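Student: To start, I am sharing the structure in question, which I have written as structure tokens.
The values are calculated or read from the model by the stated rules, or taken from the named source; none is laboratory data. What you are looking at is a predicted structure, and each value in this text was computed from that prediction instead of being measured. Every residue, glycine as well, gets a Cβ built from its backbone with ideal geometry; the counts of neighbours run over all protein chains shown.
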Amino acid sequence: MQSAVEVRDLTVAYRENPVLWDVDLDVMPGTLMAIVGPNGAGKTTLIKAILGLIKPAAGRIRILGKPYQKVASSVGYVPQRGSVDWDFPTSVMDVVLMGLYGRLGWIRRPGQSEHQVAISALKKVEMDDYSDRQISQLSGGQQQRVFLARALVQDADVYLMDEPLQGVDATTEHAIIEILHSLRSSGKTVLVVHHDLQTVTSYFDEVLLLNIRRIVSGPVSEVFTDENLRHTYGGRVAIIKNPA
Amino acid sequence: MEQFFNDYTLRTVVLGATILGGVSGVLGTFVVLRQQSLLGDAVSHAAFPGIGITFILTGSKVPLILMVGAGISGWLATAVILLITTHSRIKYDTALGLILSVFFGVGLVLMTFIQKSPNANQAGLDSFLFGQVASLVVQDVITMTVMGAIALVIVLLFWKEFKLLAFDREFAHSLVLPVRGLDFGLTTLVVIAIIIGLQTVGVVLMSAMIIAPAVAARQWTDRLGVMTILAMCMGALSGAGGVIFSISAPNLPTGPIIVMCATAIVGISLTAAPHRGILWQWIRRSLQNRKLRSEAVLMDLFDLARTHDSLEYPHMERALRVIYPQTGTLRRQLSRLEGKGLVSKKENGAWALTPSGVQLCHRLVNERIQ
Amino acid sequence: MSQFQLEIQLVASVVAAVCALPGAFLILRKMAMMSDAISHAILPGIVIAFFLTESLSSPLLIMGGALTGLLTVALVEWLRKTNLVREDAAIGLVFSTLFAIGIIMIAQFARDVHLDTDAVLLGELAFVPFDRLIIAGRDIGPQALYSSGSVGLLCAGFITLFYKELKLSTFDSALATTLGFIPGVLHYLLMGFVSMTAVAAFDAVGSVLVIALMIGPPASAYLLTNRLSRMLIYSVLLAIIAAITGYWLAYLLNASIAGCMAVMVGVQFGILFCIAPQQGLLSTRARQRNQRWQFAIKMLVIHLMQHENTPEAVQECRIDHLQDHLEWEEAFAEGVISRAASQKLLRTVGETLELTPSGRQLAQEAIVHI
């Protein structure tokens, strides 16, 4: 069976310090996987490398068997909430429509049908009443839902989400998890950078424990063990020394 | 002065300044939202040597030709800034200041060099420093209009791409939009706006024309489209207003007056704009405080009454524990609450919650728990 | 060399050295653009003081300018705190407005005051020796020398006295606050010195080129050393070199001295940007290239080790696998293999690679350090 996401020998370095080292990963279609690891473990870097936002020093990444550039329209992305300026003068609807820009192509503006798609995505995240709101008037959880809606309209096969549950209220957390589960049951592949170890077992099927290197990955029930966690988090490990 | 401007010239000049204001307002919107205001300043200063070099090379004073030189030089400056920050430990702000001042220094050297050379044609080049609207002729205005129109059409065509670039660059990247190309395009458009302004306000004050209308417009709206149109109008208004104002009295330099008009619009917007303006914020804050103060009194009555059988149990004023320096404030809060029908005064002067007051208290308690 | 020339060079050197001192802290605190803001914004203060004293180097002028400078800093801070304007836009707005006011004042007083816009931008270094300081009937040298010299001494005294505090608040302002160093006060003091320096230098080099002198030499020095004390010394030395070479360049070209000093600041930076021993482009490139090979070799040996004695080893350790999975270019992969082979870290057996004992040792060491 074709992997949804296939990462081989991926090494990423800032200057000459490795942020990811020789990481291998296979994610089968229909998997809901958490990426877990301490700060600076390279979780965000892994997501960005898969999306082609960062050029790796070495390694091969394939999504649905193809390089990212070829399948970009089948990949949805939810960046960290803090990565944008929420005081930007735009509405919830506008942000969600941005998910369709790739499909729209140059110059064409979003029309009636695009608005329909956006509204139904907003309904899924229970934000349809807010479509005209300016984004700075939203709470953290609402902002996160808007980002999720933007990814939903991409109607992708593979979703990459960077800390979608960071700093959201309990209601939003449940709403998001419900959506993640429904994505999985419709055969989508979802990779989620996750920080809360308590909830990994109940929310996700598979987990990747990452700390610059891949510690282990596989079904939560098998690999999410105390020993592996100690291995991932225990004894803060130094980054490889510069040869110079 | 007035003899100089017969009606026809006046119209030309006003038109020129209007176009400048409009175009820089539109592009300034993106500059300000992308937090690149100081880059605009650097680029406009850095455009200066381009004028000198072009003059030395071609001997021409045709604005269009000089503008091309200015554009190349301004654009080169952004490239050098990028080069420095990506290939050394020098930070962005340092690179910006360094390139701004060194390029400008080169421009001044060229200018003094030209002034001292025996070239009869050299007069008037330094008008690019602070601008000299009086030197605008119809041909210049036509050039400015064409360039401005091209810039605006490009913004309109790539509207949604530029919007996404300004809001969430990484997401744009993930949609495989050519972000570097878009960056380049937007920077080029800003350079165009700057060279349109060279003759009118000059290189030194040009950055104000980029920043001010956008900052002012931002206060009145939460929509990018509206903000862009408002910035265009405000820029155009400052341009036209500045010219007309500056000829109304002697010895008023046009460029700085245009900038002052733009700043005045910023001042008004920051103070008076609904929702965001300082005045508005202040009113909202005092209303909020007032509400909190009366809620505190209400909750106090509620807490006291809870120790009794009935939540509507009356209490004397002095029993209320809210610490107010003056009893007058407490009394005012109570009568305000009474006016809203939340409390009522008994015959003995004691205060009690009304049923709707009790209801509100329950709601407040719930809110606070959440 | 006449005494006249000597005096100009002396004044130029002192001015440049004085600018470099606060400039070093500006670039380390990532506030280089405050020099842009302050040097423009002091203009109205200077014009008013000049109108009162008729001299460009009186202490009153320096005080006036310094106050305007602090006003700028406070205004920017206040605008930023309203949350209506971002810091970069606030800086751009405040200084261009104040500068425009200054220019308008000059135009208004033009008939009464000998101060023109050329002087504002160019400075009048060539005329500096004409303005003598005469005490008790004795001519003791150009006045500018004493005014900028005394600001410099004050500034040097300030830095020596508060060296520890400045250093800490520059590199770790949070820690400085917990230790009770009040970075806010230090910040305003520093900004006061930036303003005073800008005024003192204004007479000689004008308002824009002050930025070059404040940022350029410290930026160059930053490429040469990691230590603050050395950086300060190097900045001063580089500033003096730029001043003197700039003077002679101006002499050769018959152009603006201040402009030429800025050009030399740029040239200096350009040279050091390329050839600085540790931070220069050439050495970082060479180091990076070397590191890239070392890094790649480590990756290769670790990769080989991890797949040693595993079923997929035949696949994973093949030479053509490297191109496939590590996505190394063929030439790069060959380079890595041949370098690793020449260091006796691995050997090729037919189509596959095999670690030598020393290769295995390197891999084990490297993997521990990850």
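Student: Report, ordered by the first and then the second residue, all pairs with beta carbons closer than 9 Å, sequence separation of six or more or different chains, a first member in segment A:90-112 that is more than 8 Å from chain B (Cβ to nearest Cβ) and assigned to a loop (DSSP other than H, G, I, E, B), and a second member that is crowded, with 19+ Cβ neighbours inside 10 Å and among the polar types (S, T, N, Q).
Tutor: Note: pairs meeting the criteria are A:GLY99/A:GLN154; A:LEU100/A:GLN154.
Student: Here's another thing I want to ask about it. Taking segment B:11-34 as the region of interest, how many residues are more than 15 Å from B:GLY255 (Cα to Cα) and modelled with pLDDT under 90?
Tutor: Number satisfying all stated conditions: 2.
Student: Out of all the residues in segment A:217-244, which are at pLDDT 70 or above and within 14 Å of chain C (Cβ to nearest Cβ)?
Tutor: Hits for segment A:217-244 are A:HIS231, A:THR232.
Student: Right, something else. Would you please list the contacts, defined by Cβ atoms under 7 Å and residues six or more apart or on different chains, that run from a residue in segment B:274-299 that is assigned to a helix (DSSP H, G or I) to a residue that is of a type in the set (D, E, K, R)?
Tutor: B:SER294/B:ARG336
Student: All but one of (1) facing another protein chain (nearest Cβ under 9 Å); (2) surrounded by fewer than 23 Cβ atoms within 10 Å (Cβ to Cβ); (3) in contact (Cβ under 8 Å) with a residue 12 or more places away in the chain; (4) more than 27 Å from A:HIS181 (Cα to Cα) hold for A:ASP132, so report the exception by its number.
Tutor: Evaluating A:ASP132 over (1) facing another protein chain (nearest Cβ under 9 Å); (2) surrounded by fewer than 23 Cβ atoms within 10 Å (Cβ to Cβ); (3) in contact (Cβ under 8 Å) with a residue 12 or more places away in the chain; (4) more than 27 Å from A:HIS181 (Cα to Cα) leaves (1) as the failure.
Student: Ok, one more. Of the numbered conditions (1) of a type outside the set (D, E, K, R); (2) under 27 Å from B:GLY107 (Cα atoms); (3) away from chain A (no Cβ under 14 Å), B:ALA149 satisfies every one except a single condition; which is it?
Tutor: (2)
Student: Looking at segment C:332-351, which of its residues are within 14 Å of chain A (Cβ to nearest Cβ) and either at pLDDT below 80 or in a helix (DSSP H, G or I) (or both)?
Tutor: Here is the first cut: in segment C:332-351, the ones within 14 Å of chain A (Cβ to nearest Cβ) are C:332-333, C:335-337, C:339-340, C:343, C:345.
Passing the criteria: C:PHE332, C:ALA333, C:GLY335, C:VAL336, C:ILE337, C:ARG339, C:ALA340.
Student: Being crowded, with 17+ Cβ neighbours inside 10 Å, more than 11 Å from chain B (Cβ to nearest Cβ) and farther than 23 Å from A:HIS194 by Cβ: is that true of A:ARG145 here?
Tutor: Here the answer is no, as A:ARG145 does not meet what is asked.
Student: Restricting the search to segment B:243-253, which residues are facing another protein chain (nearest Cβ under 10 Å) and assigned to a helix (DSSP H, G or I)? Walk me through how you get there before you give the answer.
Tutor: The first filter runs over segment B:243-253 and keeps only residues facing another protein chain (nearest Cβ under 10 Å), leaving B:246, B:249-253.
Once the filter is applied, which keeps residues that are facing another protein chain (nearest Cβ under 10 Å) and assigned to a helix (DSSP H, G or I), segment B:243-253 yields only B:SER246.
Student: Residue under question is C:GLY270, and the condition is that it be out of contact with any Cys (no Cβ under 8 Å at 6 or more places or on another chain), within 8 Å of chain B (Cβ to nearest Cβ) and in a helix (DSSP H, G or I); does it hold?
Tutor: No; evaluated as a whole, the condition is false for this residue.
Student: So which helices (runs of 4 or more DSSP H) are wholly in segment B:48-151 and hold at least 2 residues that are touching a His at 6+ places or on another chain (Cβ under 6 Å) and buried (at least 24 other Cβ atoms within 10 Å of the Cβ)?
Tutor: Working: elements: B:48-58, B:63-87, B:92-116, B:127-130.
By residue number, B:92-116.
Student: I would also like to ask the following. Would you call C:THR97 in contact with a helix residue (DSSP H, G or I) (Cβ under 9 Å, 6 or more places away or on another chain), under 25 Å from B:MET206 (Cβ atoms) and more than 9 Å from chain B (Cβ to nearest Cβ)? First the steps, then the outcome.
Tutor: Values: in contact with a helix residue (DSSP H, G or I) (Cβ under 9 Å, 6 or more places away or on another chain): yes; under 25 Å from B:MET206 (Cβ atoms): yes; more than 9 Å from chain B (Cβ to nearest Cβ): no.
The answer is no for C:THR97.
Student: Next question, about the same structure. Does B:ARG11 satisfy the criteria of being free of Cβ contacts under 8 Å to residues at least 12 places away in the same chain, surrounded by fewer than 23 Cβ atoms within 10 Å (Cβ to Cβ) and not in a helix (DSSP H, G or I)?
Tutor: Judged against the criteria, B:ARG11 is not a match.
Student: Can you pull out the residues in segment A:166-225 that are over 30 Å from A:VAL12 (Cα atoms) and of a type in the set (Asp, Glu)?
Tutor: Matches in segment A:166-225: A:ASP169, A:GLU173, A:GLU178.
Student: Just to be sure, is C:ALA32 buried (at least 24 other Cβ atoms within 10 Å of the Cβ), of a type in the set (A, V, I, L, M, F, W, C) and under 24 Å from B:ASN251 (Cα atoms)? Full working, then the answer.
Tutor: Values: buried (at least 24 other Cβ atoms within 10 Å of the Cβ): yes; of a type in the set (A, V, I, L, M, F, W, C): yes; under 24 Å from B:ASN251 (Cα atoms): no.
No: the conditions fail for C:ALA32.
Student: I've got another one for you. Only residues that are basic (Lys, Arg) and out of contact with any Asp or Glu (no Cβ under 8 Å at 6 or more places or on another chain): list them for segment C:298-327, please.
Tutor: First pass over segment C:298-327, keeping only residues basic (Lys, Arg): C:298, C:318.
Result: C:LYS298, single match.
Student: Within segment C:93-111, take every residue that is among the small types (Gly, Ala, Ser), part of a helix (DSSP H, G or I) and without any contact (Cβ under 8 Å) to a residue 12 or more places away in the chain and give me the one that is surrounded by the most Cβ atoms within 10 Å (Cβ to Cβ).
Tutor: Taking segment C:93-111 and keeping what is among the small types (Gly, Ala, Ser), we get C:96, C:100, C:102, C:107, C:110.
Going one step further and asking which of them are part of a helix (DSSP H, G or I), we end up with C:96, C:100, C:102, C:107.
Checking which are without any contact (Cβ under 8 Å) to a residue 12 or more places away in the chain leaves us with C:100, C:107.
Details: C:ALA100: 28, C:ALA107: 19.
Selected residue: C:ALA100.
Student: Looking at C:LEU353, C:LEU272, C:LEU322, which is the one that is touching a residue at least 24 places away in the same chain (Cβ under 8 Å), farther than 26 Å from C:ALA221 by Cβ and in contact with a helix residue (DSSP H, G or I) (Cβ under 9 Å, 6 or more places away or on another chain)?
Tutor: Numbers: C:LEU272 fails: farther than 26 Å from C:ALA221 by Cβ; C:LEU322 fails: touching a residue at least 24 places away in the same chain (Cβ under 8 Å).
Just one listed residue meets the conditions, C:LEU353.
Student: Could you go through segment A:53-74 and let me know if any residue there is within 20 Å of A:TRP21 (Cα to Cα), assigned to a loop (DSSP other than H, G, I, E, B) and away from chain C (no Cβ under 11 Å).
Tutor: yes
Student: State whether one or more residues within segment A:154-164 are out of contact with any strand residue (DSSP E or B) (no Cβ under 7 Å at 6 or more places or on another chain) and of a type in the set (A, V, I, L, M, F, W, C). Reasoning before the result, please.
Tutor: Initially, segment A:154-164 is screened for residues out of contact with any strand residue (DSSP E or B) (no Cβ under 7 Å at 6 or more places or on another chain), giving A:155.
Imposing the further condition that a residue be of a type in the set (A, V, I, L, M, F, W, C) reduces the set to none.
No, that holds for no residue.
Student: What tally of residues in segment B:341-366 results from selecting those that are surrounded by 11 or more Cβ atoms within 10 Å (Cβ to Cβ), touching a residue at least 12 places away in the same chain (Cβ under 8 Å) and outside any helix (DSSP H, G or I)?
Tutor: Qualifying residue count, segment B:341-366: 9.
Student: Another question, if that's okay. Any idea how many residues of segment B:93-121 are more than 8 Å from chain C (Cβ to nearest Cβ) and either hydroxyl-bearing (Ser, Thr, Tyr) or in contact with a strand residue (DSSP E or B) (Cβ under 9 Å, 6 or more places away or on another chain) (or both)?
Tutor: Matching residues across segment B:93-121 total 1.
Student: Check off (1) modelled with pLDDT under 90; (2) crowded, with 17+ Cβ neighbours inside 10 Å for B:CYS261 and give me the number that stays unchecked.
Tutor: If we test B:CYS261 against (1) modelled with pLDDT under 90; (2) crowded, with 17+ Cβ neighbours inside 10 Å, just (1) comes out false.
Student: Next question. Helices (runs of 4 or more DSSP H) wholly in segment C:137-229 with at least 2 residues that are touching a strand residue (DSSP E or B) at 6+ places or on another chain (Cβ under 7 Å) - which ones?
Tutor: Values: elements: C:143-161, C:163-171, C:173-178, C:183-222.
Of the helices (runs of 4 or more DSSP H) lying wholly inside segment C:137-229, those with at least 2 residues that are touching a strand residue (DSSP E or B) at 6+ places or on another chain (Cβ under 7 Å) span C:143-161.
Student: May I pose another question? Can you tell me which residue within segment C:268-302, out of those that are within 16 Å of C:ILE215 (Cα to Cα) and surrounded by 17 or more Cβ atoms within 10 Å (Cβ to Cβ), is nearest to the chain's Cα centre (by Cα)?
Tutor: Across segment C:268-302, the extreme among qualifying residues is C:PHE269.
Student: Here are the criteria: (1) in a helix (DSSP H, G or I); (2) in contact with a Gly (Cβ under 8 Å, 6 or more places away or on another chain). Tell me which single one A:LYS123 does not satisfy.
Tutor: Answer for A:LYS123: the failing condition is (2).
Student: Quick test of your reading of the structure: A:PRO38 fulfils all but one of (1) in contact with a Gly (Cβ under 8 Å, 6 or more places away or on another chain); (2) away from every other protein chain (no Cβ under 11 Å); (3) not hydroxyl-bearing (Ser, Thr, Tyr). Name the failing condition by number.
Tutor: (1)
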